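First comes the structure, then the notes that go with it.
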Ligand SMILES: [Zn+2]
Ligand SMILES: [Zn+2]
Ligand SMILES: [Zn+2]
């Protein structure tokens, strides 16, 4: 008998789960970079988030074209950017495929300081003259706090990540369907921790076991997961010091290491 299934309000697909250089690291012959485990192959960090009525991408790194082909992404309603480090914005021009029509624009949500960097990097896209079909036509949407998008309430979460202004994003599509994506951070702000309280799915920067000046270690990421009471936690932005299979065995229940291609559904 066929039963009516409620449509999942949010689906999250990991397009890349690697740190800035990608894994394998060019020229490295370490055990992880030469691993046969497909979960040890990590493109630059990015996710596709399917909200109740919109498909959005978070970050547009140098692997974006490959990631769109691999995941079969043919259309997008918006892009959200966390911060202007190269591993999160150097594929920005490849978003051109999602503003194909002459009058079609792609909303790009980011902190104002990040949009300013994007304007400097890609002036031709922002100068208003570039209206040809198939060219990149971003529509800047500065974020500060919460906004509505695709049937969800989205909130930019300020985090510390070295000198750059950086945010994560919290997507709230109703009870049981709250997702936070924080790919780069050293410390989550108290304001962001309030928003994260009891989050259903936390995806967070956990570079490796050893400390790093601008990224969280596994221990720091576990502390955040515990402090906010996340129901499930997935680590991302993973370095080549982390072998997926071995490192997964050391994690407590409810906490796992993400891998490229993984798709999660909520509720
Ligand atoms: Zn990064
Ligand atoms: Zn390596
Ligand atoms: Zn970064």
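Every residue, every condition in (1) loosely packed, with under 14 Cβ neighbours inside 10 Å; (2) within 16 Å of ligand 1 (Cβ to nearest atom); (3) modelled with pLDDT under 95, yes or no:
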position	(1), (2), (3)
2	yes, no, yes
6	yes, no, yes
11	no, no, no
16	no, yes, no
39	no, no, no
48	no, no, no
51	no, no, no
80	no, yes, no
93	no, no, no
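Where residues in the range 168-187 are within 18 Å of residue 16 (Cα to Cα) and either without any contact (Cβ under 8 Å) to a residue 12 or more places away in the chain or assigned to a strand (DSSP E or B) (or both), which of them is farthest from the chain's Cα centre (by Cα)?
Checking each candidate, the answer is 179.
Here is the figure for the range 188-211: residues that are in contact with a helix residue (DSSP H, G or I) (Cβ under 8 Å, 6 or more places away or on another chain), away from ligand 2 (no atom under 16 Å from the Cβ), more than 20 Å from residue 89 (Cα to Cα) and outside any loop (DSSP other than H, G, I, E, B) total 4. Taking the criterion of being under 21 Å from residue 219 (Cβ atoms) and more than 16 Å from ligand 3 (Cβ to nearest atom), the only residue of the range 149-188 that qualifies is 180. Restricting attention to the range 24-63, the residues that are more than 16 Å from ligand 3 (Cβ to nearest atom) and touching a residue at least 12 places away in the same chain (Cβ under 8 Å) total 23.
Considering (1) touching a helix residue (DSSP H, G or I) at 6+ places or on another chain (Cβ under 8 Å); (2) surrounded by fewer than 18 Cβ atoms within 10 Å (Cβ to Cβ), the lone condition that residue 267 does not fulfil carries the number (1). Just to be sure I understand, how many residues within the range 189-219 are under 18 Å from residue 144 (Cα atoms) and within 14 Å of ligand 3 (Cβ to nearest atom)? Residues meeting the conditions: 0. The set of residues in the range 95-112 being crowded, with 17+ Cβ neighbours inside 10 Å and either assigned to a loop (DSSP other than H, G, I, E, B) or within 16 Å of ligand 1 (Cβ to nearest atom) (or both) consists of 99, 110, 111. Look at the range 64-78 and say how many of its residues are surrounded by fewer than 18 Cβ atoms within 10 Å (Cβ to Cβ), touching a residue at least 12 places away in the same chain (Cβ under 8 Å) and either within 16 Å of ligand 1 (Cβ to nearest atom) or farther than 22 Å from residue 171 by Cα (or both). Qualifying residue count for the region: 3.
The values are calculated or read from the model by the stated rules, or taken from the named source; none is laboratory data. Keep in mind that what you see is a predicted model, and the values were worked out from it rather than measured. Neighbour counts are summed over all protein chains in view; Cβ atoms, including those assigned to glycine, are modelled from backbone coordinates with ideal geometry.
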